[in-house]
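J.: Would you mind keeping the following structure in view while I ask a few things?
The values are calculated or read from the model by the stated rules, or taken from the named source; none is laboratory data. Quantities reported herein were computed from a predicted structural model and do not represent experimental measurements. Here Cβ is always computed from backbone atoms with ideal geometry, including for glycine, and neighbour counts include all displayed protein chains.
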Amino acid sequence: MPDRQAEVQAELMAEAFVFNMDSVVTKDYLDARLGEQEAKIEAKFNARFATVESKLNLHSWILAIIAASTVIPAITRLLGY
């Protein structure tokens, strides 16, 4: 490759590098952004799981009340009280 052509290509590559420098992503930047996204997703899931756990707790109590209201009368009838 002639020297002049190599110089022109080197200049073009340098210009392209400087022009695109703003769009270069570093590992630290990418780690920070992914950490932020992970924190948002985790917070969203924690809120959803808290809601599901509270509903499950309520359903468990309702099921216990239904079972007690069904089982206790059946046992008293079996025992003849």
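Quick grid of which residues meet (1) surrounded by 10 or more Cβ atoms within 10 Å (Cβ to Cβ); (2) outside any helix (DSSP H, G or I); (3) at pLDDT below 95:
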| residue | (1), (2), (3) |
| --- | --- |
| M1 | no, yes, yes |
| Q5 | no, no, yes |
| A14 | yes, no, yes |
| F17 | yes, no, yes |
| V25 | no, yes, yes |
| S54 | yes, no, no |
| I66 | yes, no, no |
| Y81 | no, yes, yes |
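J.: Could you list, in sequence order, all residues of the range 27-36 that are basic (K, R) and surrounded by 10 or more Cβ atoms within 10 Å (Cβ to Cβ)? Can you show your working first?
T.: Start the filter on the range 27-36 by keeping residues that are basic (K, R), which leaves 27, 33.
Once the filter is applied, which keeps residues that are basic (K, R) and surrounded by 10 or more Cβ atoms within 10 Å (Cβ to Cβ), the range 27-36 yields only R33.
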